[in-house]
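Presented below is the structure to which this report refers.
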Amino acid sequence: MAIRLPKPHVIFAILLSAILLLVIHFSYREDFEEVWSSLPAKGRQYLGLGSDSGSNEKNLGDAVFVPGEVKKPNNEISDLSPVKGGEAGGPELPAYCDYCGPGDLLCKRYGEANLARSRAYEGANARLRRVLRKARSGQPIKIGIIGGSVSMGHGVEYFQNWHKFYHDWWKETFPNTEITLVNGAVPASESDYFETCYLEHIDPDVDIVVVEMAINDRRFEWLAEAYEYLIRELLVLPNKPAIINLQVMALVFPQITMGGDLELAVAMYYDTPVVNVRNLLLPHILRSNSGAMDDYWFSRLPNGSVDLRHMSAAGHKIMADLIISMSERVYCEERRKIWMEGKGISDPFGTGYVPPEDGTLPGNEVLEEIPRVTLFSKYDHDTVVPPTHPTCLSLKSAKHPLVPLQADGWEHWIYKNNAEKPYLRATKPGSRISFSVKVGVIGRVRLTYLRSFSFGLGSVWCWIDEDHEGGRRLDGWWNVEHMNTGANSVVAKDVPAGDHTLRCELLKETLDPNGGTEFRIIAVDAI
């Protein structure tokens, strides 16, 4: 049988089509490979198209702790060597940008699941992205720390403190940028102190503020409200800083849950990320029937017992690693976004999202906005909560130290020669002290003083100007064990704006079961 061949014009058409397909293929292959090579290995796996590498993941117990063996924490930072782009160049990214790939040392150390658990809230990170761009451009960056005795480094050496590692990460990631860290941590302080006194401890031109108050704050709504006002005040500082909440754990108190659990809702309301150490560690610690885990993750008291209030060197290292891992993820996403935008890709992540024309959903313009009302406010259509401009006079501040106008029977006293814990102290009933204070438009005046179950603290009567009868009694003793901390109390509200005098007198009456009358003042504030 004779074979019928296609007509010549059909053969020509087939050949022409094949040539055109080859031209199109090689024309677009380079752009495709550039974009493809910039995606992390895990992202390619999620697309169901394979990966260049595995994650080599271990669980926390295998990767970090072996019962009966105390390991020194690994101080290395994730591999910063670049990941080369595709055949056409692609973006040069740090090796850790291949998330949980071979160059992501933190993922190898802790495992992908543990890192995911530590990110209690991620959010859009618009402010942190902006700060990372600023750092990459070579402009100076200033990081402020607000926290308590953990961030101050109680129980560890300076070189073991979590913020030392975090500072090092910024310096190594941006070697041509000046990175300054200001540690404004104040031991035995709650958010109601920092709400008005934060600028006594950090600089107003900060670009990032890491807030570590989860275990300093007790689980009370009024402390969560103070934390909210602190966040609002930080967000309106001149550089509109990014805020990162770093939540640690303490197991010494009557209940595990602390103020940070209420403050999580506030952090989400203001779209500020939360890195939580407890989410990762506590379930693992609870699996152990011995004290080995306690001994590993917590520091020791002078008597040799485990201090379940303060993290050990290993605890500080995991704090640092978790906040670094979160920062790396944001940095890598921003680097890819910058590169894709440079290629003219207006929608770098391919979401296709366009805010509806009727305005029912937000666009990117709201990412750095501050809600006009607080989370503890009643909803309405008109209220706008203005920024406050507080006055703070504190013994723990060199900027505006607390200096009395008059002091009869009071002394400047330092607890156990610890310069971090200065007080104005009186022990004899009838001792009087007064302070000059400038009151703002809100008209509130407060005193910060030490409260304790075991220190034998007494009570004072405080009032404004000559209004002795309108004053208020403040008690140093409270029935809260294992919690010796500075606390704020309102002395007066609706005080006219302007200069006033706050007066206090030590009372004979005391709540202390043993009759203690000692009282310790820390600060005075007004708004």
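Any read-out appearing in this document is the output of simple, stated calculations on the displayed coordinates, not a laboratory observation. Everything numeric in this text was worked out from a predicted model, so none of it was measured. In this analysis, Cβ positions are derived from the backbone assuming ideal geometry, glycine residues included, and neighbour counts consider all displayed protein chains.
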### Message
Between residue 294 and residue 136, what's the calculated FRET efficiency when r is the beta-carbon distance and R0 is 51 Å? Round to 0.05.
### Response
0.80
### Task
Quote to one decimal, in nm, the extra length available between residue 372 and residue 508 on full extension: 0.36 nm per residue of separation minus the C-alpha distance between them.
44.4 nm
### Message
Can you find, among 422, 410, 495, the residue sitting farthest towards the positive end of the charge dipole of the stretch 391-526, where Lys and Arg contribute +1 and Asp and Glu -1 at Cβ?
### Response
422
### Summary
Out of 305, 198, 226 - ranked by how far each Cα lies towards the positive end of the dipole of the stretch 56-342, with unit charges on the beta-carbon of charged residues - the top one is 305
### Message
Place a point 7 Å from Cα of residue 268 in the direction of its Cβ. Which residues in the stretch 229-260 have their backbone N less than 15 Å from it?
### Response
260
### Centroid-to-centroid separation of the stretch 258-302 and the stretch 117-165 [C-alpha atoms, Å]
17
### Query
Which of the pairs 378/493; 108/164; 171/421; 399/508; 142/493; 171/317 have their Cα atoms more than 29 Å apart in this structure?
171/421; 399/508; 142/493
### Message
Order 249-256, 296-303, 519-526 from most to least packed using the mean count of other Cβ atoms within 10 Å.
### Response
519-526, 296-303, 249-256
## Note on the structure
With T = 37 °C, eta = 0.692 mPa s and Kirkwood Rh from C-alpha pairs, the Stokes-Einstein D of the stretch 391-526 in µm²/s is about 220
